[in-house]
Each structure stands twice: as structure tokens, then as C-alpha cells.
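Notes for the one structure printed next.
The values are calculated or read from the model by the stated rules, or taken from the named source; none is laboratory data. None of the values given here were measured: they were computed from a predicted structure. No Cβ is skipped: glycine too gets one built from the backbone with ideal geometry, and neighbour counts run over all protein chains shown. Areas reflect the complete protein model, heavy atoms only, side chains present, ligands, DNA and RNA absent. Shrake-Rupley method; radii C 1.70, N 1.55, O 1.52, S 1.80 Å.
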Amino acid sequence: MYRPVPPQVDLPALDHEVLALWREREVFERSLAATEGRPLWVFNEGPPTANGMPGTHHVEARVFKDVFPRYRTMKGYHVPRKAGWDCHGLPVELAVEKELGFSGKKDIEAYGIAEFNEKCRESVLRHVGAFADLTERMGYWVDMGDAYWTMDPHYVESVWWSLKQIFDKGLLTQDYRVTPYCTRCGTGLSDHELAQGYETVVDPSVYVRFPLTSGALVERHPGLALLVWTTTPWTLMSNTACAVHEDVDYAVTRMPDGELLLVAEAVRERVLGEGTTVVETVRGADVLGASYARPFTSVEFPETDAPVHTVLHADFVTTEDGSGIVHEAPAFGAVDLQLCREHGLPVVNPLRLDGTFDDTLPLVGGVFFKKADAILVDDLQERGLLFKHVPYEHTYPYCWRCHTPLVYYAQPSWYIRTTAVKDALLRENEGTDWHPQTIQWGRYGDWLNNNIDWALSRSRYWGTPLPIWRCESDHLTCVESLAELGTHAGQDLSNLDPHRPFVDDVTFPCPQCGETAMRVPEVIDAWYDSGAMPFAQFGYPFRGQDEFATRYPADFIAEAIDQTRGWFYTLMAVGTLVFDRSSYKTVLCLGHILDEEGRKMSKHLGNVLEPIPLMDQHGADAVRWFMACSGSPWSARRVGHQAIGETVRKVLLTYWNTVAFHSLYARAAGWTPS
């Protein structure tokens, strides 16, 4: 006989009844126990960082990460669901700096690294309870009691082990390269971090006269000047060379006032305007080796026989933008550095690590590099060197966490040579089931095809320490565990906290020469931590061998679509580097969460919807249904009370009324299912 179903329902109250039932009867735990021994279906949880409160976007991801494991369980699989927490990195450090009123690394070091890192540890524990509440409130079944923590010593050791595998393959090296650098955070960033922080800005685009001082061309045309284009006037302080393309035609052009300028013929009218006369056309090759007067002379260059302040050939010079002539400042551009290295040119850098120019320089001493543009452009104008100043709208990289404009900065850093395994990454991508499929060889495939080496090291404090020790003879020892470190140091280090500054204090005789080896000071990119979770969650290989053997690779992962250049990439990269196999088979990309007007949710706009109040008003089922069913999973979702309320009325109440109607008349008729 059917039980009576009331015509009205309080959905949030019903949620709590169901949750109480699950809790009292341990339904999730019993579902795992009941399926033990069945075929495994492996799901990996992407770890959130609990130093901030959970948001509505966490609900979206967790809906899909709950639905598919439940479905697979009902299909007869055993689906372990291990929660995880991302603990390290810049987001945590910056939040703690803000709490303490710090403005940078000097404040941290004055406060004490040990004390600062302890605050970071406390910070990542602070909101675990709020995430646990959200997890239960929305009915997401995941094992919070057996969660992995990326700051756990066993996890750190597993990460160390993987780095040693990469080091032993010759793929973890230190090099002096130009990398995106945050002057506020005082550290370089990786390419996948860079991709998360672009903003559209308007910068000065300037055309500057560089008078030629030697060469056959200026002998034929006295007074001739190169017309050089740049969108970073502040880099002109350290101009080292200029570049043309040897196969491009360049026009010696007389302006209406008689001035002679050299520009690429293809851009002459666009750049110089009408009323000009071409005196002579030459190939770029005819300009090579000519010397010129640089626009600013206050930065000193070392004595050298290399062709400083001359015209070089560069394949990257085009006539799509600018004048067809570019200036080279090797300390602030990767291609500039490569070109100048090829010619033996010095790398001169007047910019300090905080982004300000050296105090000894006129005009811009002590000035932040982005603010120096206006000062230098005004000076060029006063001295008659500025030909044209045009506002230039383009995307510019900002720090993905503190929103400081980044600078491309030449400095030593540790790199994983992901370019050496590019073919393997492409092979693994080919075998991956992407949803939507367009991501595979679109957004993600483009990322892999244009792969550059992973800038791994961070000049920071709260992170997995890079496990490399160096002696004065520059011999390197990569350590895979606390046990190995203890063997080298001749002491029991099994209880050592493998974080700074404690691990920094450990020294040992270099195995190659006997000199004292000290740890290099850097920590690693926190994205590597999360990319290592398929094995580090078990502490592999020092423990958890059986779990890892049966759960690698994962059958399914799901996160927001921006993780194509974040977690999805680092998972595949780390897995391929260490095991020659990606760590997942199927990946679901989820759309972004927006407000009802299509804007990104932010405290600044006042449009943030807190997830638990949203469920307390409409019920968790309504929110879950909306997230799961309002379009394809990878479509953006406009979340608001109106949209969720419509789900209640059109979906859940329709179902409820149907069941209530059926129950009423089935009881009246005495009907029972056959």
C-alpha cells in the first residue's frame, strides 16, 4: 500500500531528513563496504585550498564529481572516493601576509620563516570545517576522514621521490632564462600560472629615432635614423641591440621636412603617413652590423668585443605590427635573450627585484617599471627622439594571485624540461577521452603543441622544498626521502618536518667531493604538488604500493575548464614524466559560474551567492539539478535565486505533485504494483 504523500513539501527540511538518515545508517560507508571486491572505477578528487571559504563554484564541480561515482557504483563498480586538500603555494602565503599586515618578503624574513610557515599551516586548516559542512549539506559522498594533505610529510616525500626520478633522467635542471616574474611576490611563475592572469590594458606604443652612426647606409644617407617600435618604453633604458629581418625590404624614406628614416617598406605608409619619398630600398641584410646611438646612455655596459648597439638579424621580426625594426633588451625578453646570447652580447639589467629601477639612474631611479613609461616617453619627446606615441590595447600578464603586473625577467630558475617529453604528452593526449572533445586538440592541444619548459622553482617559503643539495664545487645531490637525507647527514631525520626552515638546516658532505652540501633555497610550484596526487595521496612508493598499482591511472576527473592549463596539465605532465603514462583516462571540463546577468561573481560586485544559504532557501536537490541539467556541463551557468526557484517549480514540484497524485489515487483504488 502506498504511504500518503502530502501535497506540499518543504524541500530544505526534506534534505535534512535524508541527510540524517544517511548519517545514522552510515549509508555511504556501507555502500563502499558492500561493493568491496567488485571491479574498480577510479575517481580522483581535485584538491581545493581551505584557506578561504567554499563558494558556489565548488558546488558545481562537486555535483558532477558525485553523480558519476554514484552512477558507477549502481552499475556494479567499487568506487573509492578520497578527499584531498591543497595546502601550499602563493594563495596561502599572500592571505597570511595580508592578515599580518606584511608588504613583501622582507617582512616575512624579519618575522621568521618558521613562524610564518606555521601561520600558513594554520590558515589551510581554518576552513576545513566549512568545506566539510558544504560537502555534507549538498550530499556529496567523499571520504573526508581519509583525506590527503599536500603538506603531510608522507606526501612531501612522495613528491621528492618523483622529482628525483625526473632529475635522474636529466630533465630537472637550473638555467638562466627570462621568466614571468612577480615583483610583489618576489618569485617567478610558470607558463600555466601565467595563462590565468591576463588582463586587457592600454600601454604606450612608441616609435623612437635611433640615429645610425656607422655603416654604408648612413654614409650614403647622412642623418639617417632607424625608426624603432616598442610597447615597453621602460626597456629602452637597457637597449643592447636592434633587430631587422634580413629578407625584408626596408625603405630609406625622406619625410616632408627632409628627415631621413628607415622603416620596412611594407609598413611605410601606415607608419609614416602620406607625402613621403622613398630615396632607396635595401634588404635587411644590407643594414646588418650598422651601429647606432641608443636613446638612453645612463646604464653602463661592460667592455666587450661583441656587437653591442648594432643591427642584428632576427627571424622573429615581422611587418605585421610596428616599423619592422625592434629593439633588444635581453634581460626582459626570452627571444631577446636568445638572440643576444647568440652574438655574445652582455645582459644588462638596471631593474631591481622589487620592480624599481636602480636608485643611481637619472630620470627613473627608484621608479616602478610600469610607471617609468610616461617619464621616459616625455624625455624622448623633449629630446626630439620620439616620432610617434600611439595608445596600444593588448593583453598583459598580471600575477594570478596578487594582480601585480608581471615583468619578464632574466634570472636563474629550476626547470623541468617538459619540451623533451612533448611527443609523449601528445601521445597521451591522443588516448584521453575529453568532454567536450573540442578541448582535446583545441584549447588543450594548442597548449601542448606550444609547450615550453616548466619553470618549477619559487623563491618563496610555504611549499614543498626543492630536494636538491649543492656544494661549492657545484655538485648536485637530489634526495628522494627523509631516510635518504638522514643517511647522507648521518642522523635520524624520520621525524623532521620537511618544510623550510627545518630542512634548510640539514647539511651533509657532498658524495662526490666531500665539501659541505647545502639545500638550494627554492620551493616548488604548488601546481606540481596537486599534479602528483595520483601517487602522492598514498605516499607512494614508500607506502601504498597496492593502492597505487590498482588505481593508476584514474578513470575519471572533473574540474572547471580553466584547469586545462592548470590541474589537467600538471596531472598529465607529472604522470608522463615519472611513469610515461598520463594519470587519467577521461576528463570532464565544467563551465564557469556567473551571476544571473552573466558577470563573474566577486565581492567587489556584491553578487556572490553563498552556497549553503542558497541550499537552505531552495533545497540541495534544486541546486544540484540546476548545476547538472541547465545546459551541457561545459557551458557557463548563470546562477541566481530566480533560476534555482524556476528549477523548484518546473522540475522538483512537478515530480512531487505527480507522486502525490499517484499515491492519492493508488490508495483510493487499492492498487498495488504487480
*Yes or no: GLY139 buried (at least 18 other Cβ atoms within 10 Å of the Cβ), out of contact with any Lys or Arg (no Cβ under 9 Å at 6 or more places or on another chain) and either in contact (Cβ under 8 Å) with a residue 12 or more places away in the chain or of a type in the set (A, V, I, L, M, F, W, C) (or both)?*
no
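Matching residues to (1) without any contact (Cβ under 8 Å) to a residue 40 or more places away in the chain; (2) under 30 Å from ARG294 (Cβ atoms); (3) outside any strand (DSSP E or B); (4) of a type in the set (A, V, I, L, M):
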{"residue": "THR179", "(1), (2), (3), (4)": "no, yes, no, no"}
{"residue": "CYS185", "(1), (2), (3), (4)": "no, no, yes, no"}
{"residue": "GLN196", "(1), (2), (3), (4)": "no, no, yes, no"}
{"residue": "THR200", "(1), (2), (3), (4)": "no, no, no, no"}
{"residue": "PRO204", "(1), (2), (3), (4)": "no, yes, no, no"}
{"residue": "ARG209", "(1), (2), (3), (4)": "no, yes, no, no"}
*The listed residue being farther than 25 Å from ASN607 by Cβ, open to solvent by less than 30 Å² (accessible area, probe 1.4 Å) and touching a residue at least 40 places away in the same chain (Cβ under 8 Å), out of GLY37, GLY89, GLY55*: GLY89
_Within segment 596-607, take every residue that is under 23 Å from the mean Cα position of the chain (by Cα) and open to solvent by less than 80 Å² (accessible area, probe 1.4 Å) and give me the one that is nearest to VAL639 (Cα to Cα)._
MET601
*List pairs: first in segment 503-520 and at positive phi, second of a type in the set (A, V, I, L, M, F, W, C) and surrounded by 12 or more Cβ atoms within 10 Å (Cβ to Cβ), Cβ under 9 Å, 6+ apart or cross-chain?*
GLY514/CYS471
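For segment 58-77, give me the residue count where each residue is open to solvent by 20 Å² or more (accessible area, probe 1.4 Å) and either in contact with a Gly (Cβ under 8 Å, 6 or more places away or on another chain) or charged (D, E, K, R) (or both).
First, pick out the residues of segment 58-77 that are open to solvent by 20 Å² or more (accessible area, probe 1.4 Å): 58, 67-68, 70-77.
From what's left, either in contact with a Gly (Cβ under 8 Å, 6 or more places away or on another chain) or charged (D, E, K, R) (or both): 70, 72, 75.
Total meeting the criteria: 3.
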_If the requirement is being hydrophobic (A, V, I, L, M, F, W, C), modelled with pLDDT of 95 or more and either open to solvent by 80 Å² or more (accessible area, probe 1.4 Å) or in contact with a Phe, Trp or Tyr (Cβ under 7 Å, 6 or more places away or on another chain) (or both), which of these qualifies: LEU588, LEU577?_
LEU588
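Touching a residue at least 24 places away in the same chain (Cβ under 8 Å) and open to solvent by 30 Å² or more (accessible area, probe 1.4 Å), is that true of TRP234? Full working, then the answer.
Working: touching a residue at least 24 places away in the same chain (Cβ under 8 Å): yes; open to solvent by 30 Å² or more (accessible area, probe 1.4 Å): no.
Judged against the criteria, TRP234 is not a match.
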*Could you give every pair whose Cβ atoms fall below 7 Å, whose first residue belongs to segment 455-466 and is more than 16 Å from TYR409 (Cβ to Cβ), and whose second residue is among the aromatic types (Phe, Trp, Tyr), counting only separations of at least 6 or pairs across chains?*
LEU456/TRP414; LEU456/TYR415; LEU456/TYR528; TYR461/PHE116; LEU466/TRP414
*Would you call ASP378 touching a Phe, Trp or Tyr at 6+ places or on another chain (Cβ under 6 Å) and acidic (Asp, Glu)?*
no
*Give segment 633-664 a look and list any residue that's among the β-branched types (Val, Ile, Thr) and more than 40 Å from the chain's Cα centre (by Cα), or say none.*
THR654, THR658, VAL659
*Which helices (runs of 4 or more DSSP H) sit wholly inside segment 608-674 and have at least 1 residues that are among the hydroxyl-bearing types (Ser, Thr, Tyr) and open to solvent by less than 40 Å² (accessible area, probe 1.4 Å)?*
641-647, 653-668
*Within the set of pairs 6+ apart or on separate chains, which have a first residue in segment 413-441 that is closer than 30 Å to SER632 by Cβ, a second that is small (Gly, Ala, Ser), and C-beta atoms under 6 Å apart?*
GLU428/SER582
*asked:* Of the residues THR418, THR438, THR464, THR395, only one is closer than 24 Å to THR576 by Cβ, surrounded by fewer than 19 Cβ atoms within 10 Å (Cβ to Cβ) and not acidic (Asp, Glu); which?
replied: THR438
